[in-house]
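Colleague: My questions will all concern the structure given below.
A short reminder: the numbers here are calculations on the coordinates, not readings from a lab. Computed from a predicted structure; not experimentally measured. Ideal geometry is used to build each Cβ from the backbone, glycine not excepted, and the neighbour counts take in all protein chains shown.
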Amino acid sequence: MKTKQLVSATVAAFLLATPSAFAENNKHNFILDIANIDVDQEFGNVTYLGNDSSIFVGLGYAYQIDISDSLFVKPKVIFYLSDMDINDTDGTSDKSNLSSMSSYLVDVGYNQNKFSYYGTVGVTSATYERTVSNSVSSASDAALTYGFGIGYNINDKTAIDLGYQATDLEYNSISGAMYDISLSNVKLGFAYKF
């Protein structure tokens, strides 16, 4: 239920802008994110199963709503095209897979000349598949995402940003086991404004 409310709030943020605001130039952003995602996984919040990292590529859309000359709100959605396998560190053939990741976020920030500084809050969802002794179970979850970053406007049409985000997902397997998946990522983003 909490997840639906958070996603609904993010969608509502997109709709807060008036129709005439959507006609403004350079407020729409096509986003390409390249994120180095580090995953820590625990079983039952007690047994450490290991960690791994992988490069995820994401595509998305954002719309910047200027509150004043220097303050802005930027709702965005990003769909990641990658997945990753995570092998347990205990020497068994047990493994996990993280896939179908998407983020529904809102940046709140401050523009200063060509630079912008922002905080991020929203929801990230993903599918977690667990293979134990050749038995496979999977589940999806969504959880709070938070972070911060700095952006630089190269010109009127292009921008880059460097940011950090963190999310904690929890999955219940078919057997009732609880898995805690902590995601943290450093991302390099490219935006084309239109």
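Colleague: Less than 16 Å from a label point 7 Å out along the Cα-to-Cβ axis of residue 170: which backbone N atoms in the stretch 26-61 qualify, by residue?
Modeller: Once the point is set 7 Å along Cα→Cβ of residue 170, 41-47 turn out to lie under 16 Å by backbone N, inside the stretch 26-61.
Colleague: Here's something else I'd like to know. How big is the equivalent ellipsoid of the stretch 77-194 along its three axes, where each semi-axis is √(5λ) from the Cα gyration tensor, reported in whole Å from largest to smallest?
Modeller: Working from the Cα gyration tensor, I get semi-axes of 35, 13, 12 Å.
Colleague: How large is ³J(HN,Hα), in whole Hz, for each residue of the stretch 112-126 in order, when computed from phi with the Karplus curve 6.51 cos²θ - 1.76 cosθ + 1.60 and θ = phi - 60°, using x for Gly and Pro?
Modeller: So the Karplus estimates, Gly and Pro as x, are 9, 6, 8, 9, 9, 10, 9, x, 10, 8, x, 10, 10, 10, 7 Hz.
Colleague: On a 32 Å Cα-Cα criterion, which of the cross-link pairs 76/114; 95/157; 27/95; 95/187 come out too long?
Modeller: Correct reply: 95/157; 27/95.
Colleague: Which value, in debye to the nearest 20, gives the size of the charge dipole of the stretch 90-186 about its Cα centre, when Lys and Arg are +1 and Asp and Glu are -1 at the Cβ? Walk me through the intermediate numbers first.
Modeller: Details: 4 positive and 10 negative charges, 60 e Å.
Taking the Cα centre of the stretch 90-186 as origin, the dipole is about 300 debye.
Colleague: Suppose we keep just the alpha-carbon trace of the stretch 21-101; what are its Rg and Dmax in angstrom?
Modeller: 18.6, 57
Colleague: In nanometres, what is the gap between the two model label sites at residue 67 and residue 133, each 7 Å from Cα along Cα-to-Cβ?
Modeller: With each label point 7 Å from Cα toward Cβ, the separation is 5.4 nm.
Colleague: At residue 79 and residue 180, where each label point lies 7 Å from the Cα along Cα→Cβ, what is the point-to-point distance in nanometres?
Modeller: 3.3
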